[in-house]
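Working notes, beginning with the structure itself.
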Amino acid sequence: MLYVVAWPVLAEADETALRRLRALYHPREADLIGPHFTLVFGAPADREAALRAALDDLRQRPFWFVLERLVRHDLPPPSRGAYLYATPTDGAAELTELHEVLNSQADGELFEPHLTLGLFERAAEAEQVARIVERQHLPMHGRVEELALLRRTADGLETLRSVQL
C-alpha cells in the first residue's frame, strides 16, 4: 500500500506535544510515523508511477497552517471507540487541493485534512482528552514544506520519494 503525507514543521514544544499525545493514545501508529497530514491513503502499488509523476508536477508553494480545533470521529457500532484529530483552519484549502491533485479518482469520501492524535476505546475518553489538549496546546502554528510518497512494508514505512514544495 502507498501513502502520500505532508510533513508539518512545528515549533519544538508543539512537535513534542504532538509526539507525546500520539505515543500515549495511538502507540501502534506513533511507533511507525510521526505527526503528519495524510493526502493519499492506502493506494495500490500500481499507482506508484502516477503518484511519482503527480508529485514531480506539483507547483505548490510551502504554506502555513493553524491547528485550532480538535474533532472526535466516532467509530461505527458495535464499537464505542473514537479517533481524535486536530484540524487546520488556515492551510486546510491547500491540503485539500493537494489531496484532489493526488487522488485523481474520486472515491466519494469527503476529505478533511487532519493530524490524528489518538484512537480511544470509548468516545467519552476521547472527549475528555480533547478538552485538556485544547486548553493546554491549541492553537498550534506550523508550515508544510515537504511531501513524501511512502510504501508500507513488513518492517514499517519506506520513503520512495520526497518533494520540497
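So how tilted is helix 48-57 from the main axis of the chain? Cα-based, degrees 0 to 90, rounded to 10. With rounding to tens, the tilt is 90 degrees. What segment 75-126 shows is 58 Å² of accessible area per residue, with the surface traced by a 1.4 Å probe over protein heavy atoms.
The residues packed around LEU32, meaning those with a beta-carbon under 12 Å from its beta-carbon, carry a net charge of -1 if Lys and Arg are +1 and Asp and Glu are -1. Ranked by the mean number of other Cβ atoms within 10 Å of their residues, highest first, the peptides 144-152, 41-49, 130-138 come out as 144-152, 130-138, 41-49.
Assuming charge only on the beta carbon of Lys and Arg (+1) and of Asp and Glu (-1), the dipole of the chain about its Cα centre is about 320 debye to the nearest 20. Decide, for segment 107-165, between rounded, prolate and oblate: order the square roots of the alpha carbon gyration tensor eigenvalues as a ≥ b ≥ c, take rounded if a/c falls under 1.5, and otherwise choose prolate if a/b is larger than b/c, else oblate. Verdict is prolate for segment 107-165.
Counting protein heavy atoms only, the chain has 49 percent of its accessible area on carbon and sulfur, 1.4 angstrom probe. Reported to the nearest whole Å, the Cα centre-to-centre distance from segment 19-78 to segment 97-154 is 6. Under the criterion of Cα pairs below 8 Å and six or more residues apart, the relative contact order for segment 7-154 equals 36 percent. Backbone amide hydrogens, once placed in the peptide plane, bring HIS36 within less than 5 Å of THR116, excluding anything fewer than 5 places away on its chain. Rounded to the nearest 10 degrees, the angle from helix 92-102 to the longest Cα principal axis of the chain is 40 degrees.
Calculated mean residue ellipticity, 222 nm, the chain: -10000 deg cm²/dmol, from DSSP H runs (n ≥ 4) at -39500 (n - 2.57) each, averaged per residue and rounded to 500.
The values are calculated or read from the model by the stated rules, or taken from the named source; none is laboratory data. This one's a predicted model, so the numbers in the text were calculated from it and none came from an experiment. Positions of Cβ are backbone-derived with ideal geometry, glycine not excepted, and every protein chain shown enters the neighbour counts. Surface accessibility is based on the protein's heavy atoms, side chains included, excluding ligands, DNA and RNA. Shrake-Rupley method; radii C 1.70, N 1.55, O 1.52, S 1.80 Å.
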